[in-house]
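Have a look at the structure below, then the notes.
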Amino acid sequence: MIDACSLESKPLLTVNEALQRINAAIQPIEDSEPVDLKNAVGRVLSESIYSPINIPHDRNAAMDGYAFSSHECIAGHEFTLELAGVSWAGRPFAGQLQSGQCVRIFTGAVVPEQADSVIMQEQVQVDGQTVRFPANTAIRKNIREIGEDVKSGALLCDQPKKLTLSDIGLFASAGVDKVTVKRRLKIVFFSTGDELTPLGQALDSGKIYDSNRYLLNGLLLDDAYQVVDGGVIADDREVLEEALVQAANNFDVIITTGGASVGEADYVKEILERCGEVNFWKIAMKPGKPLAFGKIGRSYFFGLPGNPVAVVTTFQQLVDFALKRLSGAPEAKPLRFTATCTSALKKAPGRQEFQRGIVTQNENGEFYVASSGSQGSHILSSLSRSNCYIILPSDCAGIQAGDKVVIEPFSVFI
């Protein structure tokens, strides 16, 4: 088995070298905008947020029960207290807690100033206005102190950060209703090729349905992006060049699929050389060797392969990194770990491969992975069945069943 890299006149960039080129070439956007908190999930924070208040704002009960002073407790003995009133969440007890008294209290309700303990309601006996406390009553428990979570003026979240639901909840608990975030990246994507047919139309001989635009549409679902589907461009040099040059005037990023290889109708590299700049073209990766990266005007350009599995793999391994960097989000490396491979895997030395696999975990917490099927870059069915990449280094000449391999799960749930 001969790898295509062996036919190249000079060594191709490795995946890591391509990532280093992208990292060096891309400068994060600087423009920011204020947004309402409810619209901030998934956006990239561009200013650090500090709490204007203590959280909790008041001492409050951690459970439903009865609030009392520890001075009333008699070690090793039961004791009784008079019920003086109720402290509800949002409606604090209005009086002064006197000696020999306690108050009924609910979770989140303000603890009276004179109390320092809360006992769970199931541990006491109530008879009218008399509350009997057990001999083993614990004191100074079940109260959330002022500022226990966050002190006033403390850092809630440092920039830059891609905001999560938890961040939004934290900001809301501090009364922060607006945040400043990086503006959305403007991204346009195209498919290229005379063979592409829109969904809903019958296929003629030699035609295929355009799956790549649907794949990219899903891959680009991110609240930090403003995405436009540019449609299909025929295999026409002038039409393609006009579309790309025009897009460069309006978008931060242009992504195409197809036309980046070496066929007579593959014009992407030629147009990129004439109208912009080529940073690299072709990398030592499988699937995804014919990947182009460069610039047209002020826009960063990614020319992805035409085969759909290669589109997904190159996007996830390289383009996603570039978009996150451009958006200003902090770098987040993918989760990778070792598993025992239960399938024999074919591979020729020369390129780093991202084979599709199915990872499982047994009752002892050990991970096992098997091939999901045919690894052709046009075989979407094996990608659909898989839940991880099996990452094989460039010098690997194949895997035997029982060998350890590095995997990258598509999500943290398997």
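The values are calculated or read from the model by the stated rules, or taken from the named source; none is laboratory data. This is a predicted model, so every value here is computed, not measured. Note that we place each Cβ from the backbone using ideal geometry, even for glycine, and neighbour counts take in every protein chain shown.
The set of residues in the stretch 36-55 that are surrounded by fewer than 19 Cβ atoms within 10 Å (Cβ to Cβ) and not basic (Lys, Arg) comprises 36, 37, 39, 41, 42, 47, 48, 50, 52, 53, 54. Under 6 Å by Cβ, and 6 or more places apart or on different chains, what pairs join a residue from the stretch 332-343 that is in a loop (DSSP other than H, G, I, E, B) with one that is of a type in the set (Ser, Thr, Tyr)? That search, which allows pairs on different chains as well, returns 342/368; 343/371. A residue that is buried (at least 24 other Cβ atoms within 10 Å of the Cβ), within 22 Å of residue 214 (Cα to Cα) and touching a helix residue (DSSP H, G or I) at 6+ places or on another chain (Cβ under 8 Å) occurs nowhere in the stretch 341-353. Could you identify the single residue in 398, 357, 365 that is under 26 Å from the mean Cα position of the chain (by Cα) and either among the acidic types (Asp, Glu) or within 27 Å of residue 12 (Cα to Cα) (or both)? 357 is the lone residue from the list that is under 26 Å from the mean Cα position of the chain (by Cα) and either among the acidic types (Asp, Glu) or within 27 Å of residue 12 (Cα to Cα) (or both).
Within the stretch 322-332, the set of residues being under 12 Å from residue 220 (Cα atoms) and touching a Leu at 6+ places or on another chain (Cβ under 9 Å) comprises just one member, 323.
Here residue 176 qualifies as touching a residue at least 24 places away in the same chain (Cβ under 8 Å) and over 30 Å from residue 68 (Cβ atoms).
Of the numbered conditions (1) modelled with pLDDT of 90 or more; (2) in contact with a Pro (Cβ under 9 Å, 6 or more places away or on another chain), residue 260 fails exactly one; give the number of that condition. Going through (1) modelled with pLDDT of 90 or more; (2) in contact with a Pro (Cβ under 9 Å, 6 or more places away or on another chain) one by one, residue 260 breaks only (1). Scoring residue 159 on the criteria (1) outside the structural domain of residue 42 (by TED's automatic domain parsing); (2) in contact (Cβ under 8 Å) with a residue 40 or more places away in the chain; (3) surrounded by 15 or more Cβ atoms within 10 Å (Cβ to Cβ); (4) of a type in the set (S, T, N, Q) leaves a single failure, condition (1). When restricted to residues that are aliphatic (A, V, I, L, M) and over 19 Å from residue 78 (Cβ atoms), the stretch 116-138 contains 0.
The listed residues are 307, 217, 249, and the only one of them that is in contact with a Pro (Cβ under 7 Å, 6 or more places away or on another chain) and in contact (Cβ under 8 Å) with a residue 12 or more places away in the chain turns out to be 307. Criterion applied to 62, 75, 84 was being at pLDDT below 95 and within 30 Å of residue 142 (Cα to Cα), and the one residue passing it is 75.
Rundown of residues vs (1) modelled with pLDDT of 90 or more; (2) part of a loop (DSSP other than H, G, I, E, B), yes/no style:
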position	(1), (2)
250	yes, yes
265	no, yes
269	no, no
289	yes, yes
301	yes, no
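Within the stretch 112-127, is there a residue that is closer than 26 Å to residue 173 by Cα, touching a helix residue (DSSP H, G or I) at 6+ places or on another chain (Cβ under 7 Å) and part of a strand (DSSP E or B)? Yes; the residues of the stretch 112-127 include at least one that is closer than 26 Å to residue 173 by Cα, touching a helix residue (DSSP H, G or I) at 6+ places or on another chain (Cβ under 7 Å) and part of a strand (DSSP E or B).
Number of residues in the stretch 27-51 that are within 30 Å of residue 115 (Cβ to Cβ) and not assigned by TED's automatic domain parsing to the domain that holds residue 154: the value is 0. For residue 360, the conditions (1) surrounded by 21 or more Cβ atoms within 10 Å (Cβ to Cβ); (2) touching a strand residue (DSSP E or B) at 6+ places or on another chain (Cβ under 6 Å); (3) at negative phi all hold with the exception of (1). Residues of the stretch 167-210 that are crowded, with 16+ Cβ neighbours inside 10 Å and either aromatic (Phe, Trp, Tyr) or part of a helix (DSSP H, G or I) (or both): 167, 168, 170, 171, 173, 189, 190. Are any residues in the stretch 363-388 in a loop (DSSP other than H, G, I, E, B), among the aliphatic types (A, V, I, L, M) and at pLDDT 95 or above, and if so, which ones? Result: no residue meets the conditions.
When we screen 391, 358 for residues that are in a strand (DSSP E or B), hydrophobic (A, V, I, L, M, F, W, C), at pLDDT 95 or above and closer than 25 Å to residue 282 by Cα, the only hit is 391.
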